[in-house]
1. It is to be established whether one or more residues within region 132-145 are of a type in the set (Phe, Trp, Tyr) and surrounded by 20 or more Cβ atoms within 10 Å (Cβ to Cβ).
2. Mind checking which residues of region 149-208 are touching a residue at least 12 places away in the same chain (Cβ under 8 Å), not hydroxyl-bearing (Ser, Thr, Tyr) and not in a helix (DSSP H, G or I)?
3. Let me spell it out: the conditions are (1) aliphatic (A, V, I, L, M); (2) over 27 Å from Asn135 (Cβ atoms); (3) at pLDDT 95 or above, and Leu165 meets all of them except one. Which number is the exception?
4. Whether any residue in region 42-53 is over 22 Å from the mean Cα position of the chain (by Cα), over 29 Å from Lys106 (Cβ atoms) and without any contact (Cβ under 8 Å) to a residue 24 or more places away in the chain is what I want to check.
5. Quick one: would you say Leu152 is modelled with pLDDT of 90 or more, surrounded by 14 or more Cβ atoms within 10 Å (Cβ to Cβ) and assigned by TED's automatic domain parsing to the domain that holds Ala54?
6. Quick one: in region 18-41, of everything that is β-branched (Val, Ile, Thr) and free of Cβ contacts under 8 Å to residues at least 60 places away in the same chain, which residue is farthest from Lys106 (Cα to Cα)?
7. Which condition from (1) of a type outside the set (S, T, N, Q); (2) assigned to a helix (DSSP H, G or I); (3) touching a Lys or Arg at 6+ places or on another chain (Cβ under 8 Å) is the one that Glu92 breaks?
8. Using the structure shown, decide if Leu8 is surrounded by fewer than 20 Cβ atoms within 10 Å (Cβ to Cβ) and outside the structural domain of Trp145 (by TED's automatic domain parsing).
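The values are calculated or read from the model by the stated rules, or taken from the named source; none is laboratory data. Keep in mind that this is a model prediction, so the values were computed, not measured. All Cβ positions, even for glycine, are placed from backbone atoms using ideal geometry, and neighbour counts span all protein chains on display.
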Amino acid sequence: MTSFLSLLAYPLLTTVILLVGVMVITWLIALLKQNAGVVDIAWGVSIGLVALIAFLMGDGDFTRRLMLLLIVVLWAFRISIYLFFRFLKQGEDKRYARMRQEWGDKADIRFLFVFLLQALLILILTLPFFAVSFNVMPRISGLEWFGAIVALLGIAGETMADWQLKNFKAKRENRGKVLQTGLWGLSRHPNYFFEWIFWVGIALFALASPFGWLGILSALIMFYLLTNLSGIPWTEKEMADDRQEDYLRYQQEVNSFFPWPRNFS
C-alpha cells in the first residue's frame, strides 16, 4: 500500500490542486450568480477531469486506461450537460436555498467549505481510477468487460430516468403531480439507483487491478450518500411537502431505491 501511494504521490497532488482550483472557481461563480447549484455541474466535470489525469499520468496498459476514460467521460458529459441546462432554467435548488436561508450572512463563506468538502469527496471516490491507470497487465479481463457493461447500463438507465422525468414535467397538465410510470413506477428514485449502478460498474472494472478494492469503497460511499445523506432524504422531504397525499401513497406503493414491481395492496 505504501509503494502504491508513493507511486501516486504526483498524480494525487496534481488532482488535489485541480479539484481545489475547480471548486474555488465554482464558488466564485456561485457568489456572482447567488446560486450554489452550479456546484452540481462542477461535480460531474471534476470527476471527468480526474479520469483524464489518471489516463495521462498512469503508466499502465493503454487500452485499459482508455476504456476507463471513455466510460467516465461519457458519464461526466451526460450528467454535466443535463445539470447545466437545469441550472439555466431553474432558480437555486431548494437544498441550497434552504442552507442559504439558515446560514444568513455566513452563507457565502460556508458554501466555500461545502464546495471544498466535495473536492475531498471526489478525490476519495476517484481513487480506483488511479488503481486502473497503473495496471500494466496487457489483457482486458472478463471482470473488466463486465464492469464496463454494468457502468454503461448505469449511464443508460440514468439517462432514461432523467428523460422520462423531463418529459413529464414539460406537460402543463402534470404540474403538481407525481410521475409514477416507466422506471418511476418501479423505483421512486431510479436516477439515483442507476447512478449507483454506474459506480458499481466502476468498482467491478477496478477489481481486476492491484488495489482495485478502492472501487468497492467508492460504491459503498455513493450508496450511503444517495440513500442516507444528500440524495433520497432531501428529495423525499421536498416531494412530500409539495405533493403531500399523492406522494405519501406513492411512497407506500413503490420502492424507494431498488426497482421492484409496484405494491397496490
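1. Taking region 132-145 as the starting set, the residues that turn out to be of a type in the set (Phe, Trp, Tyr) are 134, 145.
Those left that are additionally surrounded by 20 or more Cβ atoms within 10 Å (Cβ to Cβ): 134.
Yes, there is a match, as at least one residue in region 132-145 is of a type in the set (Phe, Trp, Tyr) and surrounded by 20 or more Cβ atoms within 10 Å (Cβ to Cβ).
2. Gly176, Lys177, Val178, Leu179, Gln180, Leu186, Arg188, His189, Ala208, listed by residue number.
3. (3)
4. The answer is no, given that none of the residues of region 42-53 is over 22 Å from the mean Cα position of the chain (by Cα), over 29 Å from Lys106 (Cβ atoms) and without any contact (Cβ under 8 Å) to a residue 24 or more places away in the chain.
5. Taking the combined requirement at face value, the residue does not satisfy it.
6. Applying the filter and picking the extreme gives Ile41.
7. For Glu92, the exception is condition (2).
8. Answer is no for this residue.
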